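The structure appears below as structure tokens.
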Amino acid sequence: MKYVLVIGDGMADTALTALDGQTPLEALTLPAFDRVAGCACGRVRTVPEGLAPGSDTAILSIFGNDPRTCYTGRSVLEAAGMGIVLPDGSISFRVNLCAVEDINGGLTIHSHNGGNIHGEEALELMNNLIANPAFAKKMKDAGLAIQVTDTFRHIGVMESAARDLAAVCLTEPHNVLERDIAPYLPYMVVDTGDAAALKLCADIRELMLMSYEVLKNHPVNHRRAAQGKLPANMIWPWGAATAMQLPSFEQKYHKRGTVVSAVPLVWGIAALGGLKTPRVPGANGDLDTNYEGKVERALKALLSEGDDFAAVHVEAPDEMAHAGNLERKLEAIRRIDARVVAPLLERLTQSGEDFRLLLLSDHPTLLTTRTHDGTPVPYAIYDSRVVARALAEGMPAPSRKFCEKAFAGEPLQNNGTKLMNMLFEQP
Ligand SMILES: [Zn+2]
């Protein structure tokens, strides 16, 4: 028996006026999704009540880890996805490149991603910043190392004895766009007498302000300004986390597996559980990702490499919903149906192996608010044996509309960590 998981990130949504009161999943014709739903379906709460909805908490649950007990923060998962194992006693951060502007002596943030800086420009700015003697000296004094990428997202690791991270407020930059940053620079929420936390807070604040002095007149930013683009002229650390351990997926479920994704967060959740995370060329987390390459990689794991389990995660619907673009969210879901689920069903059926395939959205991402939501999501589980039985009896292959409303009367699984047990038919 082979097992497949397909996550369409942020596919679920609410009824939209632009779709005559339908959700995106409801409005679309999705034949492969409907074949999956024909076998078994329901609703599942992937984000435990009281936790912030996001791919971190939701996908931890889907892979069988209760975020209420294991979660220490998002950045440590992204770090793990980039191969950085956080030593005990260290703290990780997401480090964004942001765009700020000096307006009347105060700095206003225009973009949490430096005008979506990427490629050579991102590398050049970050590498020049950490090579700047004054900045490098301050980094060393703060115990900070930064792993640079060719995007606006970098990972910071700081040696620090600070243990009360909740006492230090590191604001999420995407939540304060177009505001003066002064009140959102790192500050102590409460003074707990933790001298290391106090130092960490002061150090990050100083590093942020220093980074602006180094980057504001950088030739890359002058060039971007001339091209009408936003500069990437300040670093913004956030999402602090301490080391996180996850139980071995293989020991827990007795299945060996591979997870195919384009985003460090998902690689990290998989890697911490001991699952393989091969990279697929052209898989970029965007609408034009390499769908075929991802499917081929998952099939190779299952059919050539002897894995029992393979997951394909597609980021695009979530990104399109964050961008508030209905047409592109619809297109992302259409592509997951036609270019991920349909070929997986086809090829696994041809292989002659029995298989089960779990399809779901990790969490809803709402086009109305352009942000994540924690309400339960629809899920469905295809089972090749159920389909074979129907066909043997002269019946059509089972099919049923896959969407939020069609499943509204189905039972709610309130514990998302049970999904893998359901897929593997384990108690
Ligand atoms: Zn997500």
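Applying the Karplus parametrisation 6.51 cos²θ - 1.76 cosθ + 1.60 with θ = phi - 60° to the phi angles of segment 63-73, what ³J(HN,Hα) value in whole Hz is obtained for each residue in order, glycine and proline being reported as x?
Listing the rounded values in order: 7, x, 10, 7, x, 5, 10, 9, 6, 10, x Hz.
So for the pair Leu391, Asp20, with labels modelled 7 Å out along Cα→Cβ, what separation do we get in nm?
3.4 nm
Excluding same-chain residues fewer than 8 positions from Lys252, which lysines have a Cα within less than 19 Å of its Cα?
Cα-Cα hits under 19 Å: Lys2, Lys276, Lys418.
Among the GluC sites (Glu not before Pro) in segment 80-178, which ones are in a DSSP loop with at most 13 other Cβ atoms within 10 Å of the Cβ? Mind listing them?
Here the GluC sites (Glu not before Pro) that fit, given the DSSP loop and packing criteria, are Glu178.
To the nearest 20 debye, what charge dipole does segment 60-183 have about its Cα centre, counting +1 at the Cβ of each Lys and Arg and -1 at the Cβ of each Asp and Glu?
Here the size comes out at about 340 debye.
Taking 0.36 nm per residue of separation and subtracting the Cα-Cα distance, what length does fully extending Glu178 through Asn127 add?
Between Glu178 and Asn127, full extension yields 15.7 nm more.
Rank Ile336, Ile84, Ile269 by mean-square fluctuation in a GNM of the chain with C-alpha springs under 10 angstrom and give only the top-ranked residue.
Ile84
Can you work out D for segment 35-99 in µm² s⁻¹ from Stokes-Einstein, where Rh is the Kirkwood radius over C-alpha pairs, the temperature is 37 °C and the viscosity is 0.692 mPa s?
Reported coefficient: 232 µm²/s.
Going by amide H atoms built from the backbone, whose H comes under 5 Å of the H on Leu5, apart from near neighbours?
Residues meeting the amide H criterion: Ala310, Ala311, Val312, Leu358.
Fully extended, how many nm does the chain gain between Arg370 and Asn325 (0.36 nm per residue separation, minus their Cα-Cα distance)?
15.3 nm
Please report, ordered by residue number, every helix of the chain (full DSSP H runs) that is 27 Å or longer along its axis going by C-alpha atoms and whose mean Kyte-Doolittle hydropathy reaches -0.5.
195-215
Say a paramagnetic label sat at a point 7 Å from the Cα of Ala196, along Cα to Cβ; which residues of segment 154-182 have their backbone N under 12 Å from it?
Inside the label zone: 158-165.
If I take R0 = 60 Å and measure r between the Cβ atoms of Asp164 and Gln350 in this structure, what FRET efficiency does the formula 1/(1 + (r/R0)^6) give, to the nearest 0.05?
Using R0 = 60 Å, I get an efficiency of 0.60.
Of the residues Leu330, Leu360, Leu51, which exhibits the maximal mean-square fluctuation in a Gaussian network model of the chain defined by a 10 Å Cα contact cut-off?
Of Leu330, Leu360, Leu51, the most mobile in the Gaussian network model is Leu51.
Using Cβ contacts closer than 10 Å as the measure, can you line up Val148, Val280, Val95 from fewest to most?
Least to most surrounded, the residues fall as Val148, Val280, Val95.
What lysines sit close enough to Lys329 to cross-link, taking a C-alpha to C-alpha distance under 24 Å and skipping anything fewer than 8 places away on the same chain?
Lys294, Lys401, Lys405
Please report Met188, Met244 as a ranked list, fewest other C-beta atoms within 10 angstrom at the top and most at the bottom.
Result, fewest neighbours first: Met188, Met244.
Quick note: the coordinates plus some simple rules give every number you see, no bench work behind them. On a predicted model such as this, the values are computed, not experimentally measured, just so you know. Backbone-built Cβ (ideal geometry, glycine too); neighbour counts: all protein chains shown.
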